[in-house]
Amino acid sequence: MKKFISAKILALMAMFVALIIVGAFIRIPMPLVPFTLQTLFVLLAGALLGGIKGAICVLIYIFMGLIGIPVFANGGGISYVLTPTFGFTIGFAVGAFVTGFIVEKSKKVTYPNLIFATSMGTLAIYVCGILYYILIKSLYFGESFDFWNVLLYFWIVFIPTDILKGAVVVVGAKKLLPILSRM
């Protein structure tokens, strides 16, 4: 017997795609990578919808951007894959999956479990983003880079805001998961 996704879940998935898009345009310019609210919505999608559905939301968002709809923080189009920061966009799908997977596998929805899931999802985003940046800069552009500057500009400066966004995800998921489980 095939298992279908309910209309409510599809509506939630569509809402998260829209929130991720809106999150791209709520930004504070910073060197190299702008601060946006995308990670908040990406991690919340994973936590609330689960790993697969959360990642699908992000993949839909990525597909929309790659076909030319300007949904990314700096536009859209297939050439976006050659921007050094596209790895963070790929990392969004991985981060949503990791967060959702951990939440789904947790026996109870507790603050420590949600903090761990959100932290691992955030870490997945950074690993993908930083590795992609290093690969594109060195292999495609043939430029050298200072590894410590990469960590500083792409990770360390974002720690305070990531903690704040993570806290919103954890509190939001803790309050909303019981409601969604009744759906």
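The values are calculated or read from the model by the stated rules, or taken from the named source; none is laboratory data. Small disclaimer: the values here were computed from a predicted structure and weren't measured. Virtual Cβ from ideal backbone geometry, glycine too; neighbours counted across all protein chains shown. For the accessible areas, the whole protein counts, side chains as well, though only heavy atoms, and no ligand, DNA or RNA atoms are used. Shrake-Rupley method; radii C 1.70, N 1.55, O 1.52, S 1.80 Å.
A few notes on this one:
- Which listed residue is in contact with a helix residue (DSSP H, G or I) (Cβ under 8 Å, 6 or more places away or on another chain) and hydroxyl-bearing (Ser, Thr, Tyr), from THR161, THR122: THR122
- Of the criteria (1) in contact (Cβ under 8 Å) with a residue 12 or more places away in the chain; (2) over 15 Å from the mean Cα position of the chain (by Cα), which one GLY95 fails: (2)
- Residue satisfying condition, being farther than 19 Å from PHE35 by Cα, part of a helix (DSSP H, G or I) and in contact with a helix residue (DSSP H, G or I) (Cβ under 7 Å, 6 or more places away or on another chain), within set LEU135, LEU176: LEU176
- Residue count for segment 126-183, restricted to those that are within 25 Å of VAL109 (Cα to Cα), surrounded by fewer than 12 Cβ atoms within 10 Å (Cβ to Cβ) and of a type in the set (Ser, Thr, Tyr): 1
- Pairing residues of segment 157-183 that are closer than 18 Å to SER6 by Cβ with residues that are open to solvent by 70 Å² or more (accessible area, probe 1.4 Å), at Cβ distances under 6 Å and at least 6 apart in sequence or on separate chains, gives MET183/LYS8.
- Some residue of segment 166-179 being touching a Ser or Thr at 6+ places or on another chain (Cβ under 9 Å) and closer than 19 Å to GLY91 by Cα: yes
- Counted residues, segment 138-166 - those being within 24 Å of VAL42 (Cα to Cα) and assigned to a helix (DSSP H, G or I): 16
- Any hit, segment 97-111, residues being modelled with pLDDT of 95 or more, out of contact with any helix residue (DSSP H, G or I) (no Cβ under 7 Å at 6 or more places or on another chain) and of a type in the set (S, T, N, Q): yes
- So GLY76, is it over 24 Å from TRP155 (Cβ atoms), at pLDDT below 95, of a type outside the set (D, E, K, R) and over 10 Å from the mean Cα position of the chain (by Cα): yes
- Residue in segment 74-89 that is over 22 Å from MET30 (Cα atoms), in contact (Cβ under 8 Å) with a residue 60 or more places away in the chain, aliphatic (A, V, I, L, M) and in contact with a helix residue (DSSP H, G or I) (Cβ under 8 Å, 6 or more places away or on another chain) present: no
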